[in-house]
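Each remark here refers to the structure printed beneath this line.
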Amino acid sequence: VVSDWKLDQNVFQWTVVVPPNSWGTAYVPTSDSALVTESGKPAMVSDSVRFLRMEAGYALYSLGAGTYRFQAKMK
């Protein structure tokens with residue numbers, strides 16, 4: 001598993017790599033899941049992630065094996 005993030009001008013940028021034959025849950029810090037993108041598309045409509053729910057200031061996504069590039073605008 002690889003996780004690399006940075007915060008740049010109120011934009012949280014996070015690259016996550018889930019190895020083959022694995023799955024994970026991503027907790028993306030945001031107050032609104034509509035502000036989250038994955039690989040440049042709204043995460044809610046991305047084919048590669050599944051939105052689970054909002055929980056304590058995070059949008060939770062289920063991830064299969066692969067590389068994911070999340071961005072979330074921080075309010």
Task: Set ASP47, ASP4: member being acidic (Asp, Glu), free of Cβ contacts under 8 Å to residues at least 60 places away in the same chain and in a loop (DSSP other than H, G, I, E, B) - done: ASP47
- [ ] Identify all residues within segment 15-36 that are open to solvent by 40 Å² or more (accessible area, probe 1.4 Å), in a strand (DSSP E or B) and in contact with a Ser or Thr (Cβ under 9 Å, 6 or more places away or on another chain); write none if there are none.
- [x] THR15, VAL17, THR25
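The values are calculated or read from the model by the stated rules, or taken from the named source; none is laboratory data. These numbers were taken from a predicted model, which means no experiment stands behind them. All Cβ positions, glycine included, derive from the backbone under ideal geometry; neighbour counts span all protein chains shown. Protein only, heavy atoms only, side chains kept; ligands, DNA and RNA dropped before computing areas. Shrake-Rupley method; radii C 1.70, N 1.55, O 1.52, S 1.80 Å.
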